[in-house]
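The values are calculated or read from the model by the stated rules, or taken from the named source; none is laboratory data. In this text, all values refer to a predicted model and were calculated from it rather than measured experimentally. We place every Cβ from the backbone using ideal geometry, glycine too, and count neighbours over all the protein chains shown.
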Amino acid sequence: MNNKNITVNKIVEICNGKLLAGEKNIEIETYSKDTRTLKKGDMYLGIKGEKINGNNYIEQAFINGAIGCITDENVNEEIINKYKEKVIIKVENTIKAIQELAKYKRSLYDIPVIAVTGSVGKTSTKDIIANVLEQKYKVLKTEGNMNNHIGLPMTLLKLKDHTAVVVEMGMNHFGEISLLTNIAKPTGCVITNIGTSHIGNLGSRENILKAKLEILEGLDKNGFVLINNDNDLLHEWAKKEKRYKIYTYGLENNSTYMAKKITTLENSSEFEINGIKGNVPIGGIHFLYNSVCAFAVGDILNVEKEKIIKGISEFKLTAKRMDIEIIKNNIKVINDSYNASYDSMKAALEVVNNTLAQRKIAILGDMLELGEYAKELHEKVGEEVVKNKIDILITIGDNAKNIANKAKELKMENVYMFDSIEEAIEYIKKTIKCGDLILLKASNSMNFSKILNEIKA
């Protein structure tokens, strides 16, 4: 059953709201929380954020063509009278209303819903799975990294005539994935790895595992779990767990789906999975893992193996995630500045090591949310810098100094530390030469895109 739009009356019922204006039998097809991108006919969602209160833009939404709005603040009588033909629904909490709406919308569809979580690689794994499933299904997927308590419901509210869904689930604390999985009600759960992201909030890798495993709370009783069998904690968990239908994937430990006969090239990798040959057009061992994972999901959901391989081979990355850009003087820049953890830093440095270049320059910034583990994990990145034969290391930020100091301790010579991006940019501009390969890697809030813009200018 497709195109299941929800009537205004039903929205009021689901959200326990009050209809202040408008026709109750109108069907709502699309939703928006941003007046800048809102399209005619959208239902506008007034969300109170940390910096911006979306409830202040209701009239603007109406001017831009919104069919109505859902708000958790009192609406001025003048606006109600001025826009009598518009639907206005008052609720206690708009975010909770969106979540309940999304949960209801999801319940109308008997289709595969794949939920992806893990410490690193969630977005690229989600994207390559979607690419594979698109060979057979009409796929709705999480855009970018909209993987939180607002992003996931907004994704599900886009359900129309789709025949499969792939959603990403992120978290910083206990309880967050529990909320998301009980909205999405997945038929399949993928856990990519358990690393050190957010260890400062959760205290240990074991607690991170516990938080990620919340994804199983919403799993369909006939659903499956797919885990990276080469990850130590997931491997041990899978050996003991008997309650779920578990599939495994990996490159090392014996798994349900294994990549063998691997050839790693500069910008791609070739492999064989369960006897089927394929390639992924991106370098780095982590994309091999993503490929095996996507192969597994495709196979479990009965996509023809030839089509699975096609989906993997045609995969393209989301912006700022291992983008390779050639700028002036044949300088290659790997822009992986969306986020950073020890595991993703290690993976990015391995890609650099396997890429041909005159010189290899790593520009690395702070990794955040590591708490008491910050110094230790930044030092481990320093070890990876040396291990992967980086020619020049440039660090920016207080925590990143630990990367530099560890590299120096291991006798690396060309190490430079800066407190600010502006200082670093001045040095970088003087230093880079024709044929260099530059890695940009830091947590998103470090604003490393500014470096790329400056060296491109």
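Brief remarks follow.
- Positions within the stretch 14-42 being more than 26 Å from the chain's Cα centre (by Cα) and part of a strand (DSSP E or B), in sequence order: LYS18, LEU19, LEU20, ALA21, GLU27, ILE28
- Restricting VAL8, VAL113, VAL12, VAL87 to residues that are among the hydrophobic types (A, V, I, L, M, F, W, C) and in contact with a Cys (Cβ under 8 Å, 6 or more places away or on another chain) narrows the list to VAL87.
- Taking the numbered list (1) at pLDDT 95 or above; (2) under 23 Å from ASN447 (Cβ atoms) in turn, GLU383 passes all entries but (2).
- Within the stretch 144-190, the set of residues being out of contact with any helix residue (DSSP H, G or I) (no Cβ under 6 Å at 6 or more places or on another chain) and among the basic types (Lys, Arg) comprises LYS158, LYS160.
- Each residue in the stretch 102-134 was checked for being under 27 Å from SER313 (Cβ atoms) and either surrounded by fewer than 21 Cβ atoms within 10 Å (Cβ to Cβ) or in contact (Cβ under 8 Å) with a residue 40 or more places away in the chain (or both), and 23 of them qualify.
- Filter result for LYS158 (charged (D, E, K, R) and buried (at least 21 other Cβ atoms within 10 Å of the Cβ)): no
- Output for the stretch 89-101, where each listed residue is buried (at least 21 other Cβ atoms within 10 Å of the Cβ), within 11 Å of ASP72 (Cα to Cα) and of a type in the set (A, V, I, L, M): ILE89, VAL91, ALA97
- Qualifying residue in the stretch 74-82 (condition: under 30 Å from ASP161 (Cα atoms) and not aromatic (Phe, Trp, Tyr)): no
- The listed residue being in the same structural domain as TYR342 (by TED's automatic domain parsing), touching a strand residue (DSSP E or B) at 6+ places or on another chain (Cβ under 8 Å), free of Cβ contacts under 8 Å to residues at least 60 places away in the same chain and among the basic types (Lys, Arg), out of LYS430, LYS408: LYS408
- Which numbered condition ILE300 misses (of (1) within 22 Å of PRO281 (Cβ to Cβ); (2) within 25 Å of the chain's Cα centre (by Cα); (3) not assigned by TED's automatic domain parsing to the domain that holds TYR416): (1)
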